Amino acid sequence: MTDNEPSKWDKVDLTLLALIGIVGIDFLAYVCWMLRSPYDTIMYVHSLWRGVWIAIVLVAFVLLVGLRVWLRPKGPCTRRQRLRVWGLDLLLLLLAVTVQPILLFWPMVDLGHDPLRPGAQVCRQYHHLGSKADPIAERVDYLLYLPAEYNESQKWPLVVYLHGAGAIGQNLLYVRAEGLTNQIEQGKQFPFILLSPQSIHGGWYPKLIVELIDHVSSTLPVDRDRVYLTGCSMGGHGTWNIASSYPDRFAAIVPLCGGGDPRHAKRLAGIPIWAFHGAKDNTVRLASGQTMVDAVKKCGGNVKFTIYPDGGHIIDDMTYRNDQLYTWLLAQRRSPSRQPGPAAANATSSSPSPAGKK
């Protein structure tokens with residue numbers, strides 16, 4: 001075959017294959033992302049830099065396709081012309097199978113290298129390696145907030161916030177958008193360290209959360225007698241569950257629109273509790289919270305229960321804007337008699353996730 005003879009490859013338009021590749025691979029990645037967590041895709045293009053880079057890649061792709069069409073000979077072509085066209089085809093395919101999916105679906109921040117900044121929430125990462133006795137091995141992404149007046153010469157209270165099911169995933173923007181963390185995003189400042197982990201698969205593992213608390217407490221000046229736990233919806237369930245698994249670790253807990261296992265109420269009798277629920281909550285019924293409150297009171301526990309008569313499931317904003325909550329919370333201290341003891345038998349179980357996205 002001479003250079004001027006048409007080959008069978010001249011009849012194959014690899015540009016069309018590149019276009020099919022980019023559409024097919026992105027669609028497959030999108031479907032896999034949705035299957036892994038039904039909430040991840042809601043906000044996957046949610047930052048300015050991500051949108052800018054996607055636009056640049058798409059523009060580059062369109063320009064390359066145009067150049068590819070312009071360079072492709074209409075008739076028989078030489079070997080050099082074929083190599084030049086095939087080179088552009090390979091570049092287009094490279095964009096299709098690597099750059100574009102990475103821009104669309106890669107985690108949005110470098111979680112391991114975000115420096116601490118007083119007065120701001122930063123992204124951090126913790127790795128739980130697991131063992132034969134503890135098969136759970138996963139990465140925990142979390143937000144860490146330091147007070148604006150933070151200094152290492154004094155010990156600070158630590159509040160642990162557990163989000164609802166709507167923030168499940170691997171994107172900390174979801175966590176920033178709800179509950180206690182969102183108060184900081186709106187400009188509110190707090191006189192405590194705030195630790196806000198993200199659940200990747202749903203539910204909360206008590207042992208993993210306590211291990212994360214120990215990790216943060218070992219690297220920052222945390223007052224271990226003033227560690228508090230709060231959360232809404234799935235996080236409310238997690239608050240009840242983790243506190244009953246490790247009742248000696250917390251000075252007080254604040255569960256919102258969540259329920260727990262009343263059989264473990266006796267373990268919570270020594271923890272000050274302020275629970276909140278909406279009377280018109282159709283996602284986690286009021287009875288779930290009321291049952292836990294009644295069970296703890298029956299065991300002699302110290303429980304306050306606020307019911308919003310017109311409140312539905314979304315009560316986190318009105319609750320976390322209440323300054324009286326923080327006055328009460330920060331006044332609580334773990335008594336000397338309640339020092340950390342052995343974990344409960346169900347310490348590695350996951351709390352149930354309520355229906356709905358909150």
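The numbers here are math on the coordinates, done by the rules we state, and not lab data. Since this is a predicted model, take the numbers as computed values, not measurements. Here the Cβ positions follow ideal geometry from the backbone for every residue, glycine too, while neighbour counts run over all protein chains shown.
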Checklist outcome for this item: Cβ density ranking, 10 Å radius, fewest first, applied to W70, W86, W156 yields W70, W86, W156
Checklist entry - Rg and Dmax of segment 186-293 over Cα atoms: what are they, in angstrom? => result 14.0, 42
Next on the checklist: Please compute the length gained on full extension between S335 and R321, using 0.36 nm multiplied by the number of residues separating them and subtracting their Cα-Cα distance.
Outcome noted: 2.3 nm
Next on the checklist: With +1 assigned to the C-beta of every Lys and Arg and -1 to the C-beta of every Asp and Glu, and no other charges, what is the dipole magnitude of segment 160-314 about the Cα centre in debye, to the nearest 20?
Outcome noted: 360
Checklist outcome for this item: Full extension between Q125 and D310 adds, at 0.36 nm per residue less the Cα distance, a length in nm of 62.7 nm
Checklist entry - Q186 to W70: FRET efficiency via 1/(1 + (r/R0)^6), r the Cβ-Cβ distance, R0 45 Å, to the nearest 0.05? => result 0.30
Checklist entry - Order of I315, I242, I184 from fewest to most other C-beta atoms within 10 Å? => result I184, I315, I242
Next on the checklist: For a quick check: sort D294, D89 by the number of other beta carbons within 10 angstrom, fewest at the front.
Outcome noted: D294, D89
Checklist entry - Across segment 111-330, how large is the tail of the calculated P(r) beyond 28 Å, expressed as a percent of all Cα pairs? => result 24
Checklist outcome for this item: Taking a ≥ b ≥ c as the square roots of the Cα gyration tensor eigenvalues, with a/c under 1.5 meaning rounded and otherwise prolate when a/b beats b/c or oblate if not, segment 153-226 comes out oblate
Checklist entry - In debye, nearest 20: dipole of segment 150-231 around its Cα centre with unit charges on the Cβ of K, R (+) and D, E (-)? => result 80
Item to check | segment 176-212 and segment 216-267: distance between their alpha carbon centers, rounded to Å | outcome: 12
Item to check | Gain in span if fully extended, V62 to T78, counting 0.36 nm per residue against the direct Cα distance | outcome: 3.2 nm
